[in-house]
Amino acid sequence: MRQAKARARCCRAISLGGAAAALSFGLLCTPARLDAQVLQLLRAINDGGSWIKLPVEDGRAEYSSPVFPVAGMTVKGCVKVWDGNPGSWTLRARDLLGDAELEVTTESDKPVRFDYEGGLQAQLDLEVEWSEPGDTTLYLWIGVSLTEEKDDEERDICEPPPS
């Protein structure tokens, strides 16, 4: 058991850069230099994910990431709309340099699990449609894991850590 945990930690440390790039859409808060984004992503992966906020105008929002190296990383993920964002949300995420796509309509506090396998590089594009025609701020939890299976001590990636 200890050997498996050590292997998981080793894989996590070795793979952080690639997984960080694969999840660049998870840090939509503010545009930043590439090196700053990578540092934010590394921090988010170490934390098991990150809350992000996205301004929604007239029921729509968009984001396109810069190009990141991902070196074929595979990531388990979960996206969940904050329970304070009413209505339904259609999320369309795709890797413009690869085959990965996610299109789902969900409601607040309903987890949506996904797998991501990158190529050599990724550029992620996100489009959001809200069931309402107004303006708001969308809050999303993006949970991530580099391991295939969750052990008993790990938290579910769909659940943000307690604040």
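The values are calculated or read from the model by the stated rules, or taken from the named source; none is laboratory data. These figures come from a predicted structure and were not determined experimentally. Please note: Cβ atoms are built from the backbone with ideal geometry, for glycine as well, and neighbour counts cover all protein chains shown. The accessibility values were calculated without ligands, DNA or RNA, using every heavy atom of the protein model including side chains. Shrake-Rupley method; radii C 1.70, N 1.55, O 1.52, S 1.80 Å.
Give the residues of the stretch 56-68 that are open to solvent by less than 90 Å² (accessible area, probe 1.4 Å) and either assigned to a strand (DSSP E or B) or on the phi < 0 side of the Ramachandran plot (or both), sorted by residue number. Full working, then the answer.
Step one: filter the stretch 56-68 for residues open to solvent by less than 90 Å² (accessible area, probe 1.4 Å), giving 56, 59, 61, 63-68.
Result: Val56, Ala61, Tyr63, Ser64, Ser65, Pro66, Val67, Phe68.
Filtering the stretch 124-149 to residues that are more than 13 Å from the chain's Cα centre (by Cα), surrounded by 15 or more Cβ atoms within 10 Å (Cβ to Cβ) and farther than 21 Å from Asn85 by Cα leaves only Thr147.
Of the residues making up the stretch 74-113, those that are over 24 Å from Glu57 (Cα atoms), assigned to a strand (DSSP E or B) and open to solvent by 30 Å² or more (accessible area, probe 1.4 Å) are Thr74, Lys76, Arg113.
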